[in-house]
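These notes concern the structure reproduced below.
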Amino acid sequence: MASPQDRVFTTSPAQLASSAGPRKHRRRIDPKIWWAYAFISPVLIFLLVFSVVPIFFSFWVSLHSWNLITPIPEMPFVGVDNYTRILLYDDVFRRALVNTFVFAFWGVTFNLVLGLAGALLLNSRIRWRPLWSTFFFLPIVTAPLALGMMWTALLNKNFGLVNALLGSIGIPPQPFLSSPEQALGCIIFMAIYQYVGYYVVVFLAGLQGIPQDYYDAAAVDGANARQSFWYVTLPLLRPVMLFLVVTNTIGALQVFDLVFAATTGGAETSGGGPANSTMVVVLHMYNTAFKFFRMGRASAMAMVLFVVIFVITLVQLWLLRHRE
Amino acid sequence: MKPSRTLFILVVVFALTMLNACLPAPGAGLQEGVAPAGEKVKLTVLTHWGEESLLKPMRAKLDEYTSLNPHVEIDYQTVTFDQLLTKITTARAAGISPDVYHFYNLWMPDFVEGGMLDEPPSDVLADIQANYSPGSQSAVSYGGKIWGYPTELNTYQLLYNKKMLQEAGIEAPPATFAELKDAACKLAIANPDGTLARSGFVLMPGWDSGVVHPFLSLLWSNGGEYLAPETYQPLFNGPQGQATLQLYVDLIGEKCADPSIGAFGNFVEGKGAMLIMANWLRATLKDAFVDGYENVGVAPIPTGEGGVSTTLQYNWLYGVDSGSKNKEEAWKLVQWLNSPAGEGAASPIGDYLTSALGAIPSRISDQQALADRLSDEFMTAYVRSAANARAEPVLRGGQEIKTALQQGIEAAWYGQKTVEQALNDAAAEAERILAENR
């Protein structure tokens, strides 16, 4: 239960005023409340200007045709035309949505499994633990652009090192990033390589927070290692998993830099290839806005993505909390 | 006033001050008028010539101007080509537009419709009308008006590695579609595992101009059409268009070309034997061509049955932002850059384009004054090709139509659609884009 002190900061002036009942005189608002608002006002104003206002502005722009050049008051109003266009006629957007879902689903799933396995490994009495930690965590501190370029060179169909290694063990060369069938899989692999270290660190923190008493009690009850894992470790890691799934799904649905780096062969190319097989929503949005001058349509894409992320997050929260 | 209330107001004022510091300064928005007399005029110039070899000579030209005009100060900004449009539009939206920018003429319709470009003064107009070819004038015109100085002119030709052709026993560069296919198949080298160690013909997937400009050059050389002259209705999906795209699909299917060896750099590095490319690649070829610049061969675009070799031409131009507070000085600078430095001499831009970039200058007097620089085998072929060049259509939505066609072509390259379906889908998308821009 919240303490009286907490209530000062969690109750708005309006709520306090309304809770005063039918008194003749308005209850004087505690000056502390105003002070609280005053001190958090820099952050509030910053959030308002740089987060809340742009969201509403973006929605407003999505109902207009705007090329970024025309003065804002002169933007023609087009209603839901931008939404109709992207949802019914824009094949690339639909493809990008599917690719984005596939990327987010497999990227987060594999990272969860591998991240947990890595954390269990580091949590055990393994030798050279710092070395393994470095191995897992090194990619996360590398810039996605650099990683994208590195993998592009390694996975080159004709001149890449990976195909040379595959050839040495008798496996035929693979087209990898130059194949519409394999390119998205390669991008997912790059994302796993880059972010698994983050999952390992968070899972490791969760594992080390589980009191040894639970394992001791399970052992007394005759639980073996597998049973301890299923009935002690996993249930107690659920809050950690909830955090990882929700935050990383949101991040994965907004993927841009990795795809851009891995699929642009030079300053001239616009990414998402070959033949849009790795096109993701944010990259398509960027191209629509800054290459085709269609800010209204790009804003509509942003709003659709916003709704998708919102709904997926609610479902994830419901699923993972409901089962608690 | 109670001390606590005073402090409260101070905190709020502090918050608002912080917020204000994050917003553009007053007057940073669109400005108009003329700089106050006696003050030094600062001009911002934006181009995409950012590499060291291009940056230094351009800066030298601008330094020369400021030494001749001490009251002018120039802030020279450069970005890469892929960032140029973003930089121009976002700077405009933020109210910090450069005074002068160098841009691709396909972007001009949107710039004009958005009221972004200043109309050139009468003396500039007279100069352009008197000293540039009708083709160059038309390339910088939209809505019946000229919007800036035409600068670099680029056409496309078939580039080939002389040494590789010689080694393959090919005596002359291919002149027809059939010869192009035969030559590419002879020049391609396959690894034992089936991948290509060398592509006979280099494709450039992922880059709209790299896909569409060579395709249109081949399409026109096959007697086909891109868009209808007046209505801009898409015509690229006709029989000639399908035959042109089929040529590419056959090259890929018969392992004579491979989209994964797909960038002009592969031709430069010797991983490809032929390429259809614009003349601006000359500077890179001179610096880095695997077998030496003397082994770069240039030939006209191969033709289809009964076709005439035709190339696509596109232009760049220097324009002045309509919101500049120093329009008069900005136009003076642009005019100086594009005017002959003396009797019979080249303009500073003409000198720059031919020495640093390897581009063809649009100004007729530059082409005459710099004839010696344009007379090597490479440049001669490109200059000659301009006689049979067709300008890329400049229309609203042109960039989007180009991208739709690129995506259609690539879908056929990767076997996702048949040639007919890929071009018909691209044409349907082009129709939608045209309808939206009417």
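The values are calculated or read from the model by the stated rules, or taken from the named source; none is laboratory data. All of these numbers come straight from a predicted model, not from anything done at the bench. Cβ placement follows ideal geometry from the backbone for every residue including glycine, while neighbour counts extend to all protein chains displayed. The area values use the complete protein model at the heavy-atom level, side chains included, leaving out ligands, DNA and RNA. Shrake-Rupley method; radii C 1.70, N 1.55, O 1.52, S 1.80 Å.
Seen against the Cα atoms of chain B and their longest principal axis, helix B:52-68 is set at about 40 degrees.
Give the relative contact order (percent, whole number) for chain A; include only Cα pairs under 8 Å separated by 6+ residues. Normalised by residue count, the contact order of chain A is 25 percent. A DSSP coil position with no more than 15 other Cβ atoms inside 10 Å describes the following trypsin sites (Lys or Arg not before Pro) in the stretch A:96-161: A:Arg125, A:Arg127. Along its three principal directions, the equivalent ellipsoid of the stretch B:88-151 from the Cα gyration tensor extends over semi-axes of 22, 12, 10 Å, largest first. Under a model in which nothing but the beta-carbon of Lys, Arg (+1) and Asp, Glu (-1) is charged, the stretch B:67-135 shows a dipole of about 180 debye around its Cα centre. The B-A contact accounts for roughly 4100 square angstrom of buried accessible surface, both chains included, probe 1.4 angstrom.
Among the helices of chain A (complete DSSP H runs), which have Cα atoms covering no less than 18 Å along the helix axis and a Kyte-Doolittle mean of at least -1.0?
On the way: long enough: A:31-47 (23 Å, 1.38); A:91-123 (47 Å, 1.28); A:183-208 (38 Å, 1.68); A:238-253 (22 Å, 1.48); A:295-322 (39 Å, 1.69).
Length and hydropathy pass: A:31-47, A:91-123, A:183-208, A:238-253, A:295-322.
Separation of the stretch A:77-140 and the stretch A:197-223, taken as the distance between their Cα centroids, equals 25 angstrom.
Taking the Cβ-Cβ separation of B:Ala172 and B:Asn69 as r and a Förster radius of 45 Å, what is the calculated FRET efficiency to the nearest 0.05?
0.30
Which whole-number percentage describes the relative contact order of the stretch B:113-252, with Cα contacts under 8 Å and a sequence gap of 6 or more? Show your work: numbers first, answer last.
Numbers: 104 pairs, mean separation 17.4, N = 140.
Relative contact order here is 12 percent.
For the set A:Asp257, B:Asp351, B:Asp366, solvent exposure ranked by accessible area (probe 1.4 Å, protein chains only) runs largest to smallest as A:Asp257, B:Asp351, B:Asp366.
Given a 1.4 Å probe, how much area per residue of the stretch A:81-322 is accessible, in Å²? Display every interim value, and only then the final one.
On the way: 11700 Å² over 242 residues.
Per residue, the stretch A:81-322 has 48 Å² of solvent-accessible surface.
Given a cut-off of 42 Å, what percent of all Cα-Cα pairs of the protein assembly as shown lie beyond it? Intermediate values should be presented prior to the final figure.
Numbers: 121840 of 289941 pairs.
Here the long-distance tail beyond 42 Å is 42 percent of all Cα pairs in the protein assembly as shown.
Only lysines eight or more places from B:Lys417 in sequence, or on another chain, were considered; those with a Cα closer than 29 Å are A:Lys157, A:Lys291, B:Lys181, B:Lys186, B:Lys255, B:Lys271, B:Lys402.
Identify the GluC sites (Glu not before Pro) of the stretch B:331-413 meeting these criteria: DSSP loop state and at most 16 other C-beta atoms within 10 Å of the C-beta.
Values: sites: B:Glu343, B:Glu377, B:Glu400, B:Glu410; in loops: B:Glu343.
Answer in residue order: B:Glu343.
Can you return the lysines within cross-link range of B:Lys327? Criterion is Cα-Cα under 16 Å, with same-chain partners fewer than 8 residues away left out. List returned: B:Lys40, B:Lys42.
Dividing the Cα radius of gyration of chain B by its Kirkwood radius returns 1.05 for Rg/Rh. Helix B:3-22 and the longest principal axis of the Cα set of chain B meet at an angle near 30°.
On the principal axes of its alpha carbon atoms, the stretch A:132-175 extends 33, 24, 11 Å, with the longest extent given first.
Dividing the mean sequence gap of close Cα pairs (under 8 Å, 6+ apart) by how many residues the stretch A:182-324 holds gives a relative contact order of 21 percent. Does anyone have the angle between helix B:122-131 and the longest principal axis of chain B? Alpha-carbon axes, 0 to 90°, nearest 10? Helix B:122-131 and the main axis of chain B meet at about 20 degrees. Distant-in-sequence amide contacts of B:Leu227, defined by a placed amide H-H separation under 5 Å and a gap of 5 or more residues or a different chain, comprise B:Leu235. The alpha-carbon of B:Lys61 sits under 15 angstrom from the alpha-carbons of these aspartates and glutamates, leaving out residues fewer than 8 places away in its chain: B:Glu52, B:Glu73, B:Asp75, B:Asp351.
Let me have the 222 nm mean residue ellipticity of the protein assembly as shown computed from DSSP H runs of 4+ only, each contributing -39500 (n - 2.57), with the sum over all residues rounded to the nearest 500.
Working: 34 runs with 401 residues, N = 762.
After summing the helix terms and dividing by residue count, I get -16500 deg cm²/dmol.
Among the DSSP beta bridges whose two residues both lie in the protein assembly as shown, what percent are antiparallel, rounded to the nearest 5?
Taking every DSSP beta bridge within the protein assembly as shown, about 65 percent pair in antiparallel fashion.
When only alpha carbons of chain A are considered, Rg and Dmax amount to 25.5, 90 Å.
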